[in-house]
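Data first, discussion second: the structure below is written as structure tokens.
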Amino acid sequence: MNSIKDTVAIVGVATTEFSEDSGRTEYSMACEVIKAAADDAGVPLEDIDGMVKDVVDGIDAMYVQKALGMETLTYSSDSHWGTSPLINAVTALAAGICSHVVYYRSANNGSGKRAGSDFRAAKETKDESLDLIRYDLHHPFGLMGPAGSAGIGIRRYLRDYGVGAEQVGWVPVVCSEHGSNNPHAAFRNAPLTIEDYLASELVVDPLRRLDIAPEVDGAIAIVLSRAELAADLAKQPVYVGAVAMGSGTNGEHYSSYSRDDIAGLPEMELMAAELYRVAGVGPDDIHVAQLDDRYAPYVPMQIEALGFCGKGEGGAFCEGGDNLRVGGRLAINTGGGFLSEGFSHGVNVIEAVHQIRGTSTNQLDGVELAMVATGAGGPADGVILHS
Amino acid sequence: MTQEQAKVPHPARWGVLYRSSGPLWDSAKERNLKMQRCASCQNWLMPPRPMCPNCQSMESEWVAVSGEGTICSWVTYAEAPHPAFDSPHTVVLVDLAEGPRVISNVVGIDADELEVGLPVRVVYEDADDVLTLFKFERSA
């Protein structure tokens, strides 16, 4: 089988300021961030011939392309949520369709459409195709917003494996420690303590306020190039060892209730198996990972699904935080994660690039491999990067 | 907004026809809850869908269920996510005795009394003239 391994490198990254209210349009942020990522890479905008994004962004790629003066594209696509557009970028580059592709995400999710507002959005747009199951079968009973949908499965994980708040709470604690060193983190505060966590209100029981990553306004862009073009650019290339998605039987976004076992992340298991197969590495080789901490309990669930510990051992893995800190068995979310940086897909890929470049604000020594996972609770996507 | 003004949300209210699940809501209105089942391999289809993922048959039937079940999981919103509901607001996932799982609410059971495996049975509640909800009360 042909492999995409090492055919593509990340050559440029950029973010706008992340905030609770950008005061500007997604269009404006998209243009700024793409130009900044191209500058970071040393790739002239006119040499970028592919553009990928996810479907939930507000601004159509055609307008962004026009504003940036990018004359010709030979590839453009919208992929589903998360960082899954990266797989489209890698595919287009590995297939020889493009030389340089930019992945961008620009969203005013803090001040504008929040993730909890899907019903209102649907009502306004009369768009039942967006997620018919939610509107038809969940909303009449008041199951609304992703925290509620996710909480149903998360409760069973916590209960079935005896994972307690005094274990899960170390995820927000460690993320806040990492975020407190990252000047870019929108929700940078003094580091939390486990006592802060245990005192945090159960807003959607079993989820506490400090379990839930806040939405932000902001944009990210990542320029990827064919590997043979990457070595001569401005920055150290960060090679894509593997990129994969995972979609499981009876899968839905946060509400895969028809499965026998609703207490796991089978999509993540599928994705991880493919990542390890393609990259030719295993969990023992990886010591830094950017995990999807949109809801903190998804972190121990992911640590299990990605093979860093056995089933049901994720809570014990997190307890005390030492495994998760820089220098621990698996340093996670070294930029602060979605919990501290704010929830925006792609920003965790950029932190992984920083770790390999040696430019993180919580830098590990000698990082050769880094893993990124997103899409917990739904179709999962991830990437393994290396120096 | 008061409880009286807010209506339980459902696509039918926006003039959008719900498609695959129409017979489910009709059965609730008739107080005889039915679930979709593959006519070929008898696999339950929940959520409703046009094809059986087990055998790819497009023939299905709507079969009355006993209405007996057990609690599989639940969430409790400290603040209800919509003005049609009281706070705190609890949503449950019920394992129906026949197999399919449904999202619903409980009647007469406090959130702190819920446990996985708690036996429940269906009760019907007219939200208004458009919608009848199937909810669950403690059984036995």
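Computed from the coordinates by the stated procedures, all read-outs in this text should not be read as laboratory data. None of the values given here were measured: they were computed from a predicted structure. Cβ atoms come from the backbone with ideal geometry, glycine included; neighbour counts cover every protein chain shown.
Roughly how many debye, to the nearest 20, is the charge dipole of the protein assembly as shown about its Cα centre, given +1 on each Lys and Arg Cβ, -1 on each Asp and Glu Cβ, and no other charges? Could you put the intermediate results ahead of the total?
Values: 39 positive and 72 negative charges, 138 e Å.
It works out to roughly 660 debye.
I'd like the per residue volume of the convex hull spanned by the Cα atoms of segment A:324-387, given in cubic angstrom.
Cα convex hull per residue, to the nearest whole number: 86 Å³.
About its Cα centre, how strong a charge dipole does chain B have in debye, to the nearest 20, once Lys and Arg get +1 and Asp and Glu get -1 at the Cβ? Numbers along the way, then the final one.
Numbers: 12 positive and 19 negative charges, 116 e Å.
Roughly 560 debye for chain B.
Average projected area of the Cα convex hull of chain B, in nm²?
Values: hull surface 36.4 nm².
Approximately 9.1 nm², given one-decimal rounding.
Separation between the B:D129 and A:K66 pseudo-spin-labels, each 7 Å from Cα along Cα→Cβ, expressed in nm?
With each label placed 7 Å out from Cα toward Cβ, I get 4.9 nm.
Where does the Debye-calculated log10 I(q)/I(0) of the protein assembly as shown sit at q = 0.06, 0.13 Å⁻¹, using only Cα point scatterers of equal weight, no solvent?
Each listed q corresponds, in turn, to -0.29, -1.28.
Which value at 222 nm does the protein assembly as shown reach when only helices count, each DSSP H run of 4 or more adding -39,500 (n - 2.57), with the total divided by all residues and rounded to the nearest 500 deg cm²/dmol?
After summing the helix terms and dividing by the residues of the protein assembly as shown, the value is -7000 deg cm²/dmol.
Taking 8 Å as the Cα distance limit and 6 or more residues as the minimum spacing, I'd like the relative contact order of chain B as a percentage.
Result for chain B is 22 percent.
Using the reciprocal of the averaged 1/r over all distinct C-alpha pairs, how large is the Kirkwood radius of segment A:232-387 in Å?
Hydrodynamic radius (Kirkwood, Cα pairs) of segment A:232-387 is 15.5 Å.
So for segment A:283-375, averaging the separation of alpha carbon pairs under 8 Å that are six or more residues apart and normalising by length, what relative contact order in percent results?
Result for segment A:283-375 is 37 percent.
Please report the net charge: other residues with Cβ closer than 15 Å to the Cβ of A:L73, K and R +1, D and E -1.
-4
Near A:K66, which aspartates and glutamates are there with a Cα under 19 Å away, not counting those fewer than 8 places off in the same chain?
A:E26, A:E32, A:D39, A:E46, A:D47, A:D49, A:D54, A:D57, A:D78
Please report Rg (one decimal) and Dmax (integer) in Å for the Cα set of segment B:66-140.
When restricted to the Cα atoms of segment B:66-140, Rg and Dmax are 12.1, 33 Å.
Could you pull out every Cys in chain B that lacks a partner Cys with its beta carbon under 4.7 Å away?
B:C72
Rounding to the nearest 20 debye, state how big the charge dipole of segment A:164-218 is about its Cα centre with +1 on each Lys and Arg Cβ and -1 on each Asp and Glu Cβ.
It works out to roughly 140 debye.
How many times 2.2 N^0.38 Å is the alpha carbon radius of gyration of segment B:20-64?
1.08
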